[in-house]
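Structure first, then comments.
The values are calculated or read from the model by the stated rules, or taken from the named source; none is laboratory data. Note that the structure is a prediction, hence the values are computed from the model and not measured. Reconstructed Cβ throughout: ideal geometry from the backbone, glycine too, with neighbour counts over all protein chains shown. Only protein heavy atoms, including side chains, enter the accessible area calculation; ligands, DNA and RNA are left aside. Shrake-Rupley method; radii C 1.70, N 1.55, O 1.52, S 1.80 Å.
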Amino acid sequence: PLVYYKNIRELRVDLKKVGSQIDDQNKSDEEIELRKRFSTLKGELVRSVDERYIADFLYIHGIKYEYEKKYEQAPYDYYPDFYLCDYDIYLEHFAIDKEGKAPPVFDNPKKYVQNIQTKRDLHKKMGTKLIETTSGYLNDENSEEYLLKILNDAGVETKNIDTSVVEHISRKFNQ
């Protein structure tokens with residue numbers, strides 16, 4: 001369903017109703033590319049329900065972003081989840097709970113958590129601004145408030161939601 005949700009839980013319920021498979025396991029690069037199956041309001045494909053929610057939130061709130069833009073400063077291939085173009089800020093969404101643990105269904109949860117620190121260290125070393133979201137907090141009851149706080153604390157201006165635009169977009173994509 002291509003509509004905007006104020007809470008990610010509502011999105012997950014609707015996706016299950018239409019038979020969408022929600023699979024957040026780490027796989028090979030080829031499998032990961034195939035996993036880009038969640039369509040956003042902007043019309044792009046992302047890898048997870050959480051990323052879809054964030055992408056839709058950014059789009060609806062007038063924040064220009066690029067999804068998985070290559071991080072040129074890295075000595076290896078690295079594609080942060082979102083690059084906020086007008087702010088020169090990278091946003092990474094980490095699939096960890098409130099205690100900092102990765103889901104046990106991941107192939108290697110310990111390595112996933114180690115990679116989070118590697119990304120933080122890289123941004124610090126390169127002097128680039130990184131903001132983070134986590135599944136544990138995003139999937140709480142106040143998804144929208146959580147993202148507003150993270151972005152506002154980083155100096156990112158959000159526009160008020162124009163519900164008529166949201167309804168127009170939702171109708172357009174659901175035709």
Q) Here are some pairs, K64/K125; K69/K124; K98/K149; K125/K159; K70/K129; K69/K125; which of them have Cα atoms lying more than 22 Å apart in this structure? A) K64/K125; K125/K159
Q: For the stretch 70-132, state which trypsin sites (Lys or Arg not before Pro) are in a DSSP loop and have at most 12 other beta carbons lying within 10 Å of their beta carbon.
A: K70, K98
(Q) Suppose all protein chains stay in the model; what accessible area per residue would a 1.4 Å probe give for the stretch 64-114, in Å²? (A) 57 Å²
Q) Which net charge results for the neighbourhood of H123, defined as the other residues with beta-carbon distances under 11 angstrom from its beta-carbon, given Lys and Arg at +1 and Asp and Glu at -1? A) +2
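Can you give the translational diffusion coefficient of the stretch 28-140 in µm²/s, computed by Stokes-Einstein from the Kirkwood radius over Cα pairs at 37 °C and 0.692 mPa s?
Details: Rh = 14.8 Å.
The estimated diffusion coefficient comes to 222 µm²/s.
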Q | Interchain or long-range residues, amide H under 5 Å from Y65's placed H | A | C85
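Which of the peptides 147-158, 57-68 is most tightly packed, and how do the rest follow, judged by the mean count of other Cβ atoms within 10 Å per residue? Please list the in-between numbers first.
Numbers: 147-158: 14.9, 57-68: 18.5.
Descending packing order for the listed peptides: 57-68, 147-158.
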